[in-house]
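> Could you have a look at this structure, given as structure tokens, before my questions?
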Amino acid sequence: MEGMLYKWTNYISGWQPRWFVLDGGTLSYYDSQEDAWKGCKGSIKISVCEIQVHSSDPTRLDLIIPGEQYFYLRAINAAERQKWLVALGTAKACLTDNRTKREKGVEAQTDTRCNTE
């Protein structure tokens, strides 16, 4: 999945629009879709982060690796946030499921929800 989300940068600049791409268990972001060729500005591994919804803002979601990395994000509306939550949750579940299968020595079976192509 890919699309525009607002990312909290700091108290001076506030919420800034960024282009996000979820691919292969990593969420990367860029200044804009047009600037993606320059390389990502940052990324976070979905398998190790907590995905949290904000209690009072229906457009916000937070991705947190406690003590290390924080992404505070806002979608343009609640429906768009829900799409991102489903995509992120599915990616996290598939990564966890595949890791568990590898650890148990079981070959991972094809699951259409876990395809990243």
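The values are calculated or read from the model by the stated rules, or taken from the named source; none is laboratory data. Quick caveat: nothing in here was measured; it's all calculated off a predicted structure. Don't worry about glycine lacking a Cβ; one is built from the backbone with ideal geometry, like all the others, and counts go over all protein chains shown. Each accessible area value is taken on the protein alone, full model and side chains, heavy atoms only, with ligands, DNA and RNA left out. Shrake-Rupley method; radii C 1.70, N 1.55, O 1.52, S 1.80 Å.
> Output ³J(HN,Hα) for region 59-68: one whole-Hz value per residue in order, computed from phi by the Karplus curve 6.51 cos²θ - 1.76 cosθ + 1.60 with θ = phi - 60°, and x for Gly and Pro.
Result, ordered by residue: 9, 9, 9, 10, 10, 9, 10, x, x, 10 Hz.
> Could you work out how much longer the chain between residue 56 and residue 2 gets when fully extended? Use 0.36 nm per residue separation minus the Cα distance between them, nm to one decimal.
Length gained between residue 56 and residue 2: 16.9 nm.
> Per residue of region 34-50, in order, report the coupling 6.51 cos²θ - 1.76 cosθ + 1.60 (Karplus, θ = phi - 60°) as ³J(HN,Hα) in whole Hz, putting x for Gly and Pro.
Taking θ as phi minus 60°, the curve returns 5, 9, 4, 5, 6, x, 6, 7, x, 7, 9, 7, 5, 5, 10, 9, 8 Hz for region 34-50.
> Something else now. Could you check the spin-label model distance between residue 26 and residue 43? Points 7 Å from the Cα along Cα→Cβ, value in nm.
With each label point 7 Å from Cα toward Cβ, the separation is 0.1 nm.
> Might you tell me the accessible area per residue for region 1-42, computed with a 1.4 Å probe and given in Å²?
For region 1-42, the per-residue accessible area is 60 Å².
> Multiplying the sequence separation of residue 72 and residue 86 by 0.36 nm and subtracting their Cα-Cα distance, what value in nm do you get?
3.3 nm
> In addition: Spelling out what I want: for every residue of region 11-18, take phi, set θ = phi - 60°, compute 6.51 cos²θ - 1.76 cosθ + 1.60 (Karplus), and round to whole Hz; glycine and proline get x.
5, 7, 8, x, 7, 10, x, 9
> Here is a follow-up. Give me the Kirkwood hydrodynamic radius of region 11-70, using the inverse of the mean 1/r over all pairs of distinct Cα atoms, in Å to one decimal.
12.9
> If we sort 15-26, 67-78 on the protection proxy, mean other Cβ atoms within 10 Å, highest first, what's the order?
15-26, 67-78
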